[in-house]
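First the structure, in the form of structure tokens, and then the observations on it.
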Amino acid sequence: MTVVDADAFDLVIDLSDGPRSPAPDTFSTSTPSRVSSRRDPRAIARAALLAIPAALAVLAVWFLLYGLVLSGVEQHVMQSRLYDEFRLQLAEETTPLAEPVQAGSPVAIINAPSAGIHNLIVVEGTTSRLLMSGPGHLSDTPLPGQAGMSVIFGRSVTFGAPFGRITQMTVGDVVTVTTGQGVFRYRVEDVRRPGSPLPPTLDAGGSRLTLVTSASGGWRSGWAPTHTMYVDALLAGKAQPVPPGVPATVSPASLPMHNDPSATVALIFWLEGLVLVTFAASWTWVRWGRFETWIVGAPVFLAVLWGTSDALMRFLPNLL
Amino acid sequence: MKTTMPRRRVALARFRMALAALPLVALTALAAPAAVASTPGCGARPVTSTKGASFTAAEALCRTFFEKGVVDRRSFSVKVSDTTNLRNNQVVSVSWSGAHPTGGIISAEQFASAADQEYPVVLMECRGIDSPDVPAAKRLTQKTCWTATPGERVISTPSPYSMWSLDADNAKDGICTERYCNVPIPLPSNCDGEVAPGPQFWLPFDAADGTDYGVGPTGCDGAPPEMLTRGEDPTIIPSDTTYAETALNGTGSAKFTIMTSETNTSLGCSQTVPCSLVIIPIEGINCNANPQVSSPSYECESMGTFPPGSLNTGANPYPPAQAVTGAYWWSGSNWNHRISVPLSFTTPANACANNQQAPLDFYGSEVMAQAAEQWDPAFCLNSKLFNVNVVQLPEPVAKSSLQQGFIEAAIQGEPPSVPAGQKSFFTTPTVQAPIAVSGFAIAYVIDDGNGAEYTQLRLDPRLLAKLLTESYPGTTNVQDNWKITGEPPGSGPNQCPAKCNSAYAAMAHNPQSIFDDPEFLALNPGFHVPNGIQPGPAATLFSILSQSDVMWALTSYINADPEARAWLNGKPDPWGMVVNPAYKGIKLPVESWPLLDTTTNGPDYTESGNPFCVGALGNGEAKVPDRPLIDDPQDTLANVAYNMQYGIAASLISCNNSPLTPEYTPLGPETLGNRFLIGLVSLPEAKEFDLDTAALQTYASPERETDNGPEFAAGRLFVSPTASSLQAAAALMQPDPSVGSWVFPYTDFPGNAKAKGAYPGTMLFSADVPTRGLPEPDARDYGKYLSFAATTGQVQGFRVGQLPSGYVPMTSGTPASRSAPAQKGLLDELDYTEAAAADVEAQNGKVPPLVPGPPPHSTTTTTTTTTTTTRTTRTTTTVVTATTLAPGSTPSTTVARGGSGPVKKKGTTTTTTGPPTIQPVEVAGKTLGVEAGVGGLALPLALLVAVLGGLWSALVVLRRRRARP
């Protein structure tokens, strides 16, 4: 990606060597006025020496910003749309009650005040893309509130970090899940890390909710998780029976800490878009002027960059 | 810019500096009150923290008097050792500092009389959650706190000014301050004659089932069944409510026994009913007035009549000051100083009681009881499995019942001896599958003269022999008897008149009790005999009456020691002590220890000075042999452990003083500070009750001194029961095809240097199950149990399906260290058990070989040589991911028995020898985490790139700027 951009910058520099006075290029602070020939390879190399690292730095900063802040905004928007949809479904009693449920459709509302989770919609599916909307329900487990062990994944760093604080829950904390079958109150029974003993066997007819997220210790905690963490909660009350049809397996991309390699197509699409926008911007830079290019180009460029980052995030672990 | 007036610039700079400094000042100003607030103030809630299973808390204790303010202030902090996964009767340690030193000390801390100490620390178990946010039915209050006697909940005082009405906190908190509190008017008929005149405060008890008991004096207004009411002797049954003493430096410690609903249904603590350990450091009543009454003990503002650290011997003319005794633990001032430690419990031992199916029975060893308590719920609580029960029966009885076909399975601690002429002890082919490594321990409770307990005791086999063979007289009558007959001690038996028993002569020179024995003192230097020691109970090893493989193991250990064997055959020890002639030459090992001494008391002997006990038992001269009375062997090892836990001397040398039915009674609890008791217990019980255990001799160098000089102890090694010493011992076991199992080489002690680190009390417990003749569903279930025991059951922990402490997992070995070679786990034994499980399930009449050939089912190659280097430590943890436990779907678990070390061929096998269903495996495995891989580092990498890129660009730009002319 950076190679593409560097070429784009090179083109910009070349064009700016034309009749207009050399403008300070935001992506490169080389001094083209001193270069005698416009296609001097040394000049190009000098420009690239500055342009490439600077571009990389800016993109990295953008990526950090996207990962920590902007993705949360994206998730918030998605959640609000899902909430409206689920509310309607609850009112009309058309919520999905039996699996298989279409991936991406809302299945439950989860509340865990001690972990800072308020009215988050749980969608069906746990691939990297689906978890961008909020917590996701693992498809080969029963729905929350039904007998058995129901598993919900959630991100811990990016996209609003819905499960970022569940590892701080203590035994006895309440997790409330609302589905079309009612309101179910679960009480946390343990918080597990790799190597912790598994919880005791579930009684017949009991229901357990396991929340899965990622975490890490030391300097990596909070932004670079290393391993999965599990929080188990036991239903206080009567569980609903499980209707048949629960899938036996899920796709590899739905497993914990797996990424979604199918995002390659989307990524290529967005990268092409990025190239197009850069080309267009460099054209308008000359034709329309700097200020106009900024006004028009910046939002477009940001949008495309956002899309690219979105696709890129799908290559990272789904619990990040 | 350079033309700006310098003064303005300076002023501007100063203004900027001041602005910058302002936040610092503000922060400091904010920090100061925060620093002050961190020291806990009077009335602040305690600051608590938990670390793993332990719990610590700190609070400020303050006592205030009206018009005088705070008169005493202390910083109290307390630590509780274990608060999670607690079992019934488990003992936890509580230690504290910063409390007011106790005065008028009463040493029996767990008895109701100890409430009358001044400034004790009260420990009690209460039901409920200590928070105002929970509904009243679930809240912890004084009424849900357990006291074993009604007397601890009833105060009656003749003074017109009752302490509870003078307590300023009572008025604030809404506790009754009237003359009669919770006293029903009219009085119930049961209470006639029980209620003293004057003000009364009765504290009711709320039971778990919702019943409210009024209690009252001697329980006359209704008391829960577990409470001791009139007629019962409160000195025999200790309760868990403890009134512990604090030393002069403010520190103290106590052991507290946890009770669950298995012992106490009225209190009702269980996994579903939350309970707390409530610690109340008594600081005294906060008085709102101080009426002067004639007797100073009723003065509210008394600070105590006993000096701190003094004992309450009854000699002090004034009784303890009521305002500062433990009797007012419930009153507001003391109650508000409470620290509630939440407790959580593990699956109860009777979890299987509700399972209605007919259980699969194993008959056998008491030592396996704790393991069975944790293993059995893994089966009986799983609806796809079965109900299982381990019935406690002496192991020799179980083995012979199995041989005769009365039972289906037995658990043994030693392989049975094969009768001459037969190939095997059992009549049908029977596997003896090892399922656990544990053993026995010699527990002791011994006080030194300074109020602390000894934490180290060393015993060699000869000392154990001396204790068992009743060779210590234990009483003075043996020497005294010479006075009766007119013969001085030391004259030989030739001068003994006809009345004289030769046993008296032989033992006349023996030390009265073990603490007089020079051999004991040589091995335990620095031992100081308190004045009040009872010699009788200290002359014996408390053990059991019934047959037991534990006794066989103990006597095998004694028999194998040349010194002990020679002594038993009659050779005196270096100081001249000889064996009791009744036991001379006894053939060991034995399954049950015989009581052979028949010497009887002289006519003057009674422990209590009461002639009735002696007179009624035979014509004015007691004919009962007294040494068996001192021994008083118990029915089970659990009884011995119970006595050790509470310091109860079981020796029947006290008299009930009843003229019509005189009876020898147990001596009872020994006084704190003078206890000396040694008993044989099982190792799991020693761990559960937190008993001190003795170190047994494992090695005596051939060059050591054997005479009675000061160098007697040099060259001898003693080993306590620890996980590594048990593992070392288990590794010494050798397969013996003639008996069909592994045997412990007792002859390795004391001469074999390889056995230096091995604990001699180790025993290998095996399940005996026939492989022919069992009905089909039982055979399959026995096979599953054996397979479970060899794999998942060896994971140590407190959860259902795991191995409790006191047992050593057979799966783990220890790596080599400088002092010991590497110990492999008991892999041969585990392989045998797994193969045995398959044979039992198949009922094919076969018994697996002790030394394995190529394994029948596994797809890996194993070497058949017995070199220990090809097999390294191997953990057989079953690996189950969280996602595959959905019961609706077929379990897609793979049971991976991971191999470690250089034997890569052992890899992961997806088959197990045994049943294909793996449900019990699900119960206790470890969480499999998933690693994030490189993807997890995305954000740090981005930051790195941003920083590097930015730095590079900045450097390039700077360089070019500088290069520009």
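The values are calculated or read from the model by the stated rules, or taken from the named source; none is laboratory data. Predicted model, so just to flag it, every value in this text is computed and none were measured. Here the Cβ positions follow ideal geometry from the backbone for every residue, glycine too, while neighbour counts run over all protein chains shown. Note: accessible area is taken over every heavy atom of the protein model, side chains too, but ligands, DNA and RNA are not part of it. Shrake-Rupley method; radii C 1.70, N 1.55, O 1.52, S 1.80 Å.
Figures for the structure shown
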read-out: Cut-off under 5 Å, modelled amide H: who pairs with B:Ala649 long-range; value: B:Gly668, B:Glu670
read-out: Surface accessible to a 1.4 Å probe, A:Thr249 within the full protein complex, Å²; value: 110
read-out: For peptides B:539-549, B:357-367, sequence by mean Cβ density within 10 Å, most packed first; value: B:539-549, B:357-367
read-out: Number of partner chain Cβ atoms within 10 Å, mean per residue of A:251-259; value: 3
read-out: For A:52-65, mean number of other protein chain Cβ atoms within 10 Å; value: 6
read-out: Accessible area of B:Thr792 in the full protein assembly, 1.4 Å probe (Å², nearest 10); value: 0
read-out: Backbone HN-Hα couplings from phi across region B:513-518 [Karplus 6.51/-1.76/1.60, Hz, Gly and Pro as x]; value: 8, 5, 6, 8, 6, x
read-out: Of the DSSP H helices in chain A, those whose Cα atoms cover at least 27 Å axially and whose Kyte score averages 0.5 or more; value: A:41-65, A:264-287, A:290-313
read-out: Pairwise FRET efficiency - B:Lys138 versus A:Asp203, Cβ, R0 = 22 Å, nearest 0.05; value: 0.50
read-out: Estimated vicinal HN-Hα couplings, Hz - region B:185-196 in sequence order (Karplus 6.51, -1.76, 1.60; Gly, Pro = x); value: 10, x, 5, x, 5, 4, 8, 4, x, 9, 9, 6
read-out: Whole-angstrom Cα spans of region A:231-274 along principal axes, big to small; value: 53, 25, 16
read-out: Amide H within-cut-off set for B:Ser75, under 5 Å, with H built and near neighbours excluded; value: B:Leu61
read-out: Trypsin sites (Lys or Arg not before Pro) within region B:391-468, DSSP loop, no more than 12 other Cβ atoms inside 10 Å; value: B:Lys423
read-out: Residue-wise HN-Hα coupling along region B:98-113, computed from phi with Karplus coefficients 6.51, -1.76, 1.60 (Hz; x: Gly, Pro); value: x, 8, 6, x, 7, x, x, 5, 10, 6, 7, 5, 9, 10, 4, 5
read-out: B:Phe798, A:Phe184, ranked by accessible area, largest first (probe 1.4 Å); value: B:Phe798, A:Phe184
read-out: Potential lengthening between B:Ile185 and B:Ala963 on full extension [0.36 nm per residue; Cα-Cα distance subtracted]; value: 269.6 nm
read-out: Cα gyration tensor shape of region A:61-257, rounded if a/c is under 1.5, else prolate or oblate by comparing a/b with b/c; value: oblate
read-out: Entries of B:Lys423/B:Lys587; B:Lys51/B:Lys784; B:Lys68/B:Lys143; B:Lys399/B:Lys587 with Cα pairs more than 29 Å apart; value: B:Lys51/B:Lys784; B:Lys68/B:Lys143
read-out: Most to least accessible of B:Asp448, B:Asp209, B:Asp707 (protein chains only, probe 1.4 Å); value: B:Asp209, B:Asp707, B:Asp448
read-out: Tail weight of P(r) past 13 Å, computed on alpha-carbon pairs of region A:262-313, percent; value: 55
read-out: Antiparallel content of DSSP bridges confined to region A:61-257, in %, to 5; value: 75
read-out: Shielding by partners, peptide A:310-320 (average Cβ within 10 angstrom, other chains); value: 3
read-out: Furthest towards positive pole of dipole, A:Ala103, A:Gln240, A:Val175, structure part chain A, Cβ charges; value: A:Val175
read-out: For A:Phe86, net neighbour charge (Lys/Arg +1, Asp/Glu -1) across residues whose Cβ lies under 13 Å away; value: -3
read-out: Max mean-square fluctuation residue, GNM over chain A, Cα-Cα springs under 10 Å, options A:Ala108, A:Ala60, A:Ala281; value: A:Ala60
read-out: Loop-located chymotrypsin sites (Phe, Trp or Tyr not before Pro) in region A:219-293 whose Cβ has at most 15 other Cβ within 10 Å (DSSP); value: A:Trp288
read-out: Packing rank of A:156-166, A:67-77, where each peptide gets the mean count of other beta carbons within 10 Å, highest leading; value: A:156-166, A:67-77
read-out: Peptides ranked, highest mean first, by Cβ atoms within 10 Å: ranges B:84-90, B:844-850; value: B:84-90, B:844-850
read-out: Anisotropy class of region A:143-271 from Cα gyration tensor, a/c 1.5 cut; value: oblate
read-out: Approximate spin-label separation B:Cys42-B:Asp209, in nm, with each point projected 7 Å along Cα-to-Cβ; value: 4.5
